[in-house]
Structure formats: structure tokens, C-alpha cells
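The structure appears right after this line, and notes come after that.
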Protein chains: 2
Amino acid sequence: MAAADISSPHHVVVVGAGFGGLETVHRLSGAPVRITIIDRRNHHLFQPLLYQVATASLATSEIAWPIRHLLRRRREITTLLASAAGVDTQARAVRLDDGSTVAYDTLVLATGARHAYFGHDDWEPFAPGLKTLEDATTIRRRILVAFEKAERETDPARRAALLTFVIIGAGPTGVELAGTIAELARVTLPEDFRNIDTRRTRVVLIEGGPRVLAAFSDDLSDYALRALEKLGVEVERGSPVTECSADGVLYGGKRLAAATIIWAAGVQASPAAEWLAAAADRAGRVKVEPDLTVPGHPEIFVIGDTAAIDAPDGKPVPGIAPAAKQQGRYVADTIRARLAGRPTGIPFRYRHQGSLATIGKRLAVIDFGRVKLRGALAWWIWGLAHIYFLIGVRNRLSVALSWLWIHTRDQRSSRLITQGSASAAPDRPAAR
Amino acid sequence: MAAADISSPHHVVVVGAGFGGLETVHRLSGAPVRITIIDRRNHHLFQPLLYQVATASLATSEIAWPIRHLLRRRREITTLLASAAGVDTQARAVRLDDGSTVAYDTLVLATGARHAYFGHDDWEPFAPGLKTLEDATTIRRRILVAFEKAERETDPARRAALLTFVIIGAGPTGVELAGTIAELARVTLPEDFRNIDTRRTRVVLIEGGPRVLAAFSDDLSDYALRALEKLGVEVERGSPVTECSADGVLYGGKRLAAATIIWAAGVQASPAAEWLAAAADRAGRVKVEPDLTVPGHPEIFVIGDTAAIDAPDGKPVPGIAPAAKQQGRYVADTIRARLAGRPTGIPFRYRHQGSLATIGKRLAVIDFGRVKLRGALAWWIWGLAHIYFLIGVRNRLSVALSWLWIHTRDQRSSRLITQGSASAAPDRPAAR
């Protein structure tokens, strides 16, 4: 197999090049280890902006970077494009999908999560979720095709269903999607169509709980609710969805005809717990020790969205990028300390730096705990923070350029329908 | 059906929003007509730069624009996302794939061409061609996955096949692909891999005829050949390919093991001739009258890659953007003259403005007829011309930015493998 430099004493294998995995690798720079990082994607994805790809605001390449290119200067790192299929904890090896194995001395599982349907996996074809670039281009295609079909549709009821967009789940992703789709319909698209008035599009955000942005304070949540309604989003709270189909949704006993449904309600961790035969919580996350190791396996760390651990305040550590990064740093420091023979044992301590969410293209809410911001200033802080966290000058410039165009001209640069079309025979060489 | 404003007297239906179709529509601005433009894609594609998407240099959204957005200010135009399935010349109506029809007074068929395999359609799975955005992302994925698989491969023969790229056809597209892949392997990628030396990649350009860039003068063709060889491309001339398979190609009696084959050798026109039951040439192009109408149907024009007509020098009008645009302008002017009762009858006259092709990222050849340019100056003219012909300030800035990064830092911004991966189970929620 690859990664065969036996001369280096300690081999760290990191599975998953999301925020947690990459941070582990960055923080191990200069440590006396060789590293193999395994991901089934060739790119690191900046998930916080994925909803902007789904809503035609950004291009896929603006928020994704080839992993091996990011790590090219680190000669001690081998990058493998491969799917992990399991872990042999006895032999200390990761099994890949092609049957080969990669032996480790220390293993870091940072394999993330996927959207989940609470036992209703049959809903997925009708209500795609948003975790990968393909998810984002699928949702983008569905949104844009719905408007195209509405333009051709003569039946009023079917046209109304085509112009109804349902987003299930009012966390940050759901709120961001709802606000952006409402703006797309009301600001970007009206001039482009002849037979439909896209401003009459219905965007319905359905939340099972009592509040939007439940992780935020009450007043910010109320503010977000009012801001969404001002954008024309209909917010339905306290009404769990009980059915998703090609026709629409059933929620709180009400039926709503909608051609486009997007799932932003729940996640399920990667099968890392199964690989390890370890105890997991309801979302499939491995219940880790206070030092993020797996019980009985101090050589295996689990971090990020696939680890279950509580913060000092007793609440679970949230599945967000800053949490994964803090865990990645902690793990790297622990590995370094072990190799140096320094004492370890200080438990991981999550520090919540704040919660951010945008509502459309000019407003945001930021909950720093004691300091709370909302409105246009919060949006600017959100925007600058996200540009800062992007990797590389080129992508920062490119995203800034895209946002400038959206804000000054209401033009969204990535309104592309690809991989199939509204027509029945997308691959025929008919009219291109 | 849509497009139902009966008050306007003359209805022009344009099928295909490529260079020819869009130019027709632009040139009809202010004419006393209503227009319906039908395309099975939602975007106009700048095909001359498609090879740069296939080689990870540009993002899909940098060379494609939503058609209805381009035409939003023209209230007399209706844009339909639909596949044309036929033409009822008696009833004067275009049949769409959903069975509905769009009646026309004047019809302009600008439905383009698709790559063709000279009777070997079974080669397509092994040797994809390059005509659509999906083609480009497919080729990009195959190129990038080949390097990824080579990095994991331990068998020397299989590794060599993975690092062998065959391009069939040495027209501008073939030359541009070969040069760019060679640079990708030799300049962009070497630092990123640990187990393979990407500089030892073989890029083999196979041409059935005696020359590369046959449309150019002998000396420019020779220059291109030498420039390609300097980039490390192996050019095989006078050896038609007789077999393509998953293992590689057979050409001139020689077998070459290659995991990646790209088809840049031939095109087949859209089925417009079949729709019209009109005489066609071998490539399926409608043999049009000197005024670009279909024999017996003065109300139907066929233009661009799907029309066969000779230039004043007796050679066929080439299937390139400037030719399609000239024809679009001619057709619009003819329609205007007819509606104004002015005499028509001056035949279409193609003016060849020149041929351009790039070889890698710093060299190009330009054949203006009397003036011939080659080398770095030609590249600058090529680059500026292409940025000029892009639509919109935003895309010009974005492409300029991408090229700046490629030239100064050898970073290609769109090295994304999407829609599947090297692994067997791309949609499993394993390591992301």
C-alpha cells in the first residue's frame, strides 16, 4: 500500500479532511510523525457557505480545495483518495473499500455526518439534504428547474406547486436557504420570466420546535423570525413534518403542495461507531472519553460531527466548524505530548465562540453570549469572517467578487442547471 | 403553450442558444417581431474555453450564462427550457419533447453539433468528447481520478496506463487539451503526490491526418508540433485510431495502454435535417440555399454547426463561433428586410477572420491569412480576445483572475472531482 516510509517512527492516520481532520494535520506540523490523510473526496469543503452554492450565489470551486494541494508542502503527509470501510482495532489498521489496509499507530476519525431523516429514509428522493457539493448542485438544479417548469406550466394548481419551496428545519442552514431562495425569487429572477411572476413564489420554512435558530437567544431568534417574514418567508413552527412525497409535505395535519422540498432538519454521524463497535448516541456519534479517545482505545481519537461529548455547560458540543477545529488542535497537542513523554490528561474543553447565521443578503444574527448583534453590521462581520476563513487569496478575491455582484446588481453568477435538465431526454443531441 | 402574445404580427422561433442563435436574437433587437428562443440547456456556453474547464483551469460558471438572464431586458422574447423533438413544416410548428408545439412564422434552427465517432458509437464510454459542461466535468473527473488511482496503484504496468493520456484528433481542441494536460502533469501536480512522479506522465496526441492544426498554414502547424513536443506531448500523425477500449487504443497497428482517452476528432450535426426531411452532408448538416434557408422552405433558416454551405473560396464554412455569428447576423438582416418589404437575395458570404489555437499556457498560433503570429504575443492576443468575447464584466474579471493564478502560481482553481469518485461507493456516508 501507499504511505510506506517506515523510517519515521509514529504513523498518524487521519480519516476525513473536513475542518477537524485538516486542523489535526495542520497542528501536527513539525511533530516527529508521518501522516496519512484519507478522504473519499479529493477536496476539502467549506460547508458553512454550501447553501450559497445551492442557491446559485457561489460556484463549486469557490468553496472547495484539493486536499493534496493544500498539503503539498508537507512532505511527511500522504493523501489518499479512498473510502474507509472499517477499522481493525486489533491489527491497528484502517480497511479501505478496495480491501487494502493502512496500518496506524494513532488513528483520528473525523468522518463527519450526513443529513438524516429520523427513520424516514424514503423521504430523501423528495427532500434532498445539503452536505456535499453534489447535494448543492442537485438542490440548485431543482430550484432553477422548478421556475423553468412553472414558466411552461399552464395548469394553475401545478404552477402554484412548482412555485412553492419548502425548507424543513429552521437551524442556520434552513434559515439561510429560506432567506436566499426568497430573495432569488423576489429580486434576482422577476425580470427573467414572461409567464410567471416569481415574486409570488411561496417559501415555507417548517420547524418542528417552537423557535427558529433554537441555538440562539430568544431575542435574536425573534429578530430572525421577523426578518424572514419581511423577506416573504412563511415560517411554520411547532409543526413536525409527517410526510414528504413528490406532491409536497404533510405537517401539523396540513397538506402543502410543493415541487421542491429541502431537508435541513437532522444529521446522522458517519458509521465510525460501527467500525469501532463503540457506544454511540442516538445520532450515531461515538461517545468519547474526556480526552476524545474511544473507551479502551487510547490510540483512537474521534472528533467533529462524529463524536459525542458535552461542553462545560453540560450541553452537547455542537456540530460546527469551530468545535471540530478545537478538537483537532486538542488531539494534535495530545499526540505531541505523548510522543514527547509529557503528561497528558487535561480533558478537552469546548469554548463556544459564538453562533452566526445570515438571513438573506443583508442581515445576520450573531450570538457571542454576552454580546449579541443583529442586522446589517452583523452581516458585515459574518461576511468578513467567512472570507477570512476561506483558504487562499484567490478564493477570497473570487468570493468577494461574487458577493459584490450579488449586492450591487442582484446577479447570481452560478445559475447553472447541469447533470440533467427539465426535459425528459437530457443527453440527446437535440437543441443545445 | 407559452409565448402567446398574438398581437405582434410575426413570430420568430429560434431553436438553440449557441453563438448562432443568440446572435440572431441580438440582431433582431427593435425589429417588429416577437421571438421565442428554445434551448434544452438553461445556459449559453462559451465553447472555445470549454477545454479549460475540462483541465481544471476554469470553473463551469465562468463560461456559462443563464439564457433568460441574458435576454431579460427584451420583453418581446420568451425563453423556453425545452428539447425540440421535430418540426411540422406543414403546420409551421416546432414539436417539443413533452408533445406540445410552438407555432412559428419564421424558424431559425441553430441546434449545433455533437462529437461523433465515425460509426463507432461504442467508443463513447471510453473516449468521451467535449461539447457540454457535463462533458467537461466528466473529463476533468477522469483526468484527476487517473492521477489519484496511480498514486494508490502498486502494479507498475497499471500505474503506467493510469499515467498515460490519449487525445484523439489534433484540431484546436485536441492540441489545447494535450498541451494543458501536459502542463498540469509537469507543472501543477508534481509537488502534490508522494508515490508517483507526475512529470513522467505520457500525453499522446493521435491524429489520423498528416498534420496537427490542419486548418492552419504549414509553418504554423510545424510550429505547433514543435511546441507540443517541447511541452512533452508525443504527437502521432498519419495513424488513425482503429479501436478504443477500457484498456487503451489501437492506432496504426500499435497498441497503447491508457486509462484516459479523450475524443476530439469528429462532430455530427444535430438531427435538424431529419426533422426537416432535408438533404444533408455526411456529417448530418442540412445543405442550405445560398441564403441559408432550407430548399423549398424560405421560412426556415438553418445556421451554425448544423448547416452545410461553402465559403467563397470553395471550402466548407468551418464550425466555429465567428461563422455561426455571421450567419445569425445575416439571417436577422434577411428577416428584417422581408418584413420591411426590402429586396433580399444577396447570398450569405462567409468572411474568415482567422484561426486561433493555444498550446499550453504561454504559446499560441494565429492565422489571419496574410498575417501569421505565433508564440507569446499570439497567446496574449488570444487571451485578450477571449476575455473580450466573454459576456459581462463579472466573468471577465473572474477568468482574468483564474488565469493570473495559473500563470503566476501554477495553481488551477477548479481541481474538483465531483459526481462520483475513485471509490466504488461514492454515495456512502463514509469518510467525507
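Quick look at the values:
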quantity	calculated
Region B:121-265, Rg to Rh (Cα coordinates; Rh as Kirkwood inverse mean 1/r)	0.95
Distant-in-sequence amide H partners of A:T260 (H built 1.01 Å from N, under 5 Å)	A:T164, A:V166
Spatially proximal lysines relative to A:K315 (Cα-Cα < 16 Å; intrachain offsets below 8 disregarded)	A:K287
Residues of region B:193-230 buried by at least 50 Å² on assembly (accessible area, 1.4 Å probe, chain alone as reference)	B:R194
Distances in nm from A:D218 to the matching label points in the other copies, shortest first (labels 7 Å along Cα to Cβ)	9.0
P(r) of region A:213-283 over all Cα-Cα pairs, binned every 5 Å from zero, in whole percent	3, 12, 15, 16, 16, 15, 11, 7, 4, 1
Rounded to 5, percent antiparallel among DSSP beta bridges of the protein assembly as shown	50
Entries of A:K230/A:K254; A:K325/A:K372; B:K230/B:K361 with Cα pairs more than 19 Å apart	A:K230/A:K254; A:K325/A:K372
Minimum 10 Å² accessible area buried by the other protein chains, region B:125-158 residues, probe 1.4 Å, relative to alone	B:L133, B:E134, B:E148, B:E151, B:R152, B:T154
Copy-to-copy label separations for B:G354, where each label sits 7 Å from Cα toward Cβ, in nm and ascending	5.3
Value of relative contact order over region A:324-389, rounded to a whole percent, pairs C-alpha under 8 Å and six or more apart	19
Global geometry of chain B, whether rounded, prolate or oblate, following the gyration tensor of its Cα atoms and the 1.5 cut on a/c	prolate
Heavy-atom accessible surface of chain A: percent carbon and sulfur, 1.4 Å	53
Kirkwood Rh (inverse of mean 1/r, distinct Cα pairs), the protein assembly as shown, angstrom	28.9
Rounded D (µm²/s) - region A:1-95, Kirkwood Rh over Cα pairs, Stokes-Einstein at 10 °C, 1.306 mPa s	109
Accessible area per residue, Å², the protein assembly as shown with all protein chains present, probe 1.4 Å	39
Nearest-first distances (nm) between copies at A:P156, label 7 Å from Cα via Cβ	7.7
Loss of accessible area when A meets B, both sides summed, Å² nearest 100, probe 1.4 Å	7500
For chain A, calculated [θ]222 nm from helices alone, where every DSSP H run of n ≥ 4 adds -39500 (n - 2.57)	-9000 deg cm²/dmol
Principal axes of region B:1-159: Cα extent on each, largest first, Å	71, 34, 23
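The values are calculated or read from the model by the stated rules, or taken from the named source; none is laboratory data. In this text the structure is predicted, and so the values were computed from the model without any measurement. Neighbour counts are summed over all protein chains in view; Cβ atoms, including those assigned to glycine, are modelled from backbone coordinates with ideal geometry. Note: areas computed on protein heavy atoms with side chains; ligands, DNA, RNA excluded. Shrake-Rupley method; radii C 1.70, N 1.55, O 1.52, S 1.80 Å.
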